[in-house]
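The values are calculated or read from the model by the stated rules, or taken from the named source; none is laboratory data. The model shown is predicted, which means the values in this text are computed figures rather than measured ones. No Cβ is skipped: glycine too gets one built from the backbone with ideal geometry, and neighbour counts run over all protein chains shown.
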Amino acid sequence: MDLASLNDDPTRSTFPYLGSSPQEPRQALSAPCADALTSYREEIAERVGMPAPTAYWLWNMDVSCRWGRSEDSTSKTHAGARLTVTNDTWPQLGILNRLLAAHGDVVVEECGPDDEYDLDLLDVWAEAGIPRRRLSSRRLTTNSPSASTALTASSSAGLRRELKQQSASGSPSLLIWFGNDRTEEQLARSTGSLLFGAGAEASAVCNNKAIVKRWCVELGLATPEGGESHDAAELERLAVPLLNKFGTVAIKQPYGASGQGIVLASTIERVRRVLRHAVLESASGETATRLVEGWYPRARSHNSLYVISPAGRVSFLGMTEQVLNEQKYEGSWLLPEALTGNTAELRTAHLAMARRAFLAGYHGVVGFDSFSSTDGTLFPVVEINARLNMSLYALAAARASGAGPVGCLRSYMLKWGHAMQLAPFLDQLGRGKLLQSGRTTGVLPLSFTGRTTPRSCGLLRFHLLYFGENRRHVESLRNDVEARLR
């Protein structure tokens with residue numbers, strides 16, 4: 001693979017909707033994000049010498065937990081660090097793939113035998129100006145609430161037969177998952193299908209926080225003070241001086257999404273309590289890695305999205321500012337680029353890290369988490385999301401609807417006590433506040449799970465995307481909506 005094809009100018013986007021140069025005004029939320037993946041898909045078709053393959057979109061948000069099982073076989077850690085992002089946590093988030101899919105694609109959606117997969121949400125999107133695409137759909141039914149879509153898809157005779165028939169006809173399908181692990185890789189291999197993005201090994205390497213920290217040191221990028229520990233004694237030795245200097249330390253598992261697998265400790269007693277509850281031995285009998293770092297007060301945190309092509313070309317997709325609560329992800333601000341700050345410095349660092357990830361075998365969608373501390377220090381890469389993420393779906397919805405220029409995505413889990421259909425939920429939300437086509441302000445429900453069965457833990461779960469002219473306008477709208485939902 002040729003690294004010479006990487007973009008020389010990190011501030012220039014391959015795709016037109018971000019503005020062709022830093023000097024041109026950027027329309028922050030203007031075009032469908034699905035366009036951003038077209039070039040990648042065309043390159044795959046070129047490399048295999050065939051017309052563009054039919055894409056099958058599948059949801060497997062639990063993949064970040066499965067990457068960690070080779071490092072931490074049980075994930076039985078202190079409650080504050082337990083990996084809990086599984087498919088049945090958000091059984092209907094697969095609907096978000098419809099925001100990225102292109103005309104003619106197939107969306108594969110999974111549900112339990114008693115789930116009502118309510119597609120009325122698509123009508124809400126259409127009223128907000130998000131066009132319906134000509135898509136085919138496949139339903140997968142599972143009797144196991146803990147089974148991931150990857151396992152369900154792999155055991156679906158009908159889906160496997162369909163994929164094999166496509167391959168036999170000389171036009172293999174392209175499987176697009178949230179992320180890739182062994183199960184996803186095996187399904188592609190056994191059906192003769194193509195896999196969007198790198199395989200399991202490269203994906204796991206790039207998502208490993210400890211490896212990313214080593215790469216930052218290798219590239220000369222600023223990284224939080226701290227290091228790796230491989231047993232309890234070493235962890236405590238690292239933690240004590242960091243506690244004395246910073247007052248709080250972060251203890252991180254190598255894997256985990258949305259702040260899962262991270263524990264903050266402000267006393268040595270707390271550190272020891274975490275150690276007593278943590279499982280530090282992997283299945284192989286070797287000690288599992290933990291990162292121990294000083295905790296820096298955050299001024300701003302960002303997630304920057306790119307696509308690395310199979311040939312190594314890097315294209316910028318967009319940036320969001322993260323809403324974090326003690327490192328737990330709660331949402332994202334979608335802002336005009338001028339409001340994000342540090343753009344040139346971030347892009348330069350991200351291009352270097354993209355090259356490093358490509359050398360490790362990775363290609364596909366990648367997100368770089370960064371933050372600025374309150375003393376002004378910029379840490380350009382503290383974590384790599386070598387997979388799709390919620391920011392990508394939020395940007396897709398925002399650009400397709402034309403709303404903004406400022407947006408904010410928030411994730412909710414509410415104790416409700418009884419099931420609720422989408423229509424009464426929208427009444428409770430306030431239908432007059434819903435985003436309408438042609439308007440730039442309003443609230444857009446991105447997902448909704450209204451069943452309060454044991455599978456959903458008695459919670460209503462949903463994502464709302466707020467739009468307004470500025471942050472103050474958006475916050476006012478959010479406060480009003482949340483007051484209605486209390």
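Overview of results
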read-out	value
Within the stretch 354-403, considering residues that are charged (D, E, K, R) and closer than 16 Å to Asn208 by Cα, the one nearest to the chain's Cα centre (by Cα)	Arg387
Subset of the stretch 344-387 (residues that are part of a strand (DSSP E or B), of a type in the set (Gly, Ala, Ser) and crowded, with 22+ Cβ neighbours inside 10 Å)	Gly364, Gly367, Ser370
Test: residue in the stretch 438-452 that is of a type in the set (A, V, I, L, M), part of a strand (DSSP E or B), surrounded by fewer than 18 Cβ atoms within 10 Å (Cβ to Cβ) and within 20 Å of the chain's Cα centre (by Cα)	no
Scope the stretch 236-260; condition of a type in the set (Val, Ile, Thr) and in contact with a Phe, Trp or Tyr (Cβ under 7 Å, 6 or more places away or on another chain); matching residues	Thr248, Val249
Qualifying residue in the stretch 154-167 (condition: within 23 Å of the chain's Cα centre (by Cα) and hydrophobic (A, V, I, L, M, F, W, C))	no
Residue in the stretch 272-284 that is touching a strand residue (DSSP E or B) at 6+ places or on another chain (Cβ under 6 Å), crowded, with 20+ Cβ neighbours inside 10 Å, at pLDDT below 85 and of a type in the set (A, V, I, L, M) present	yes
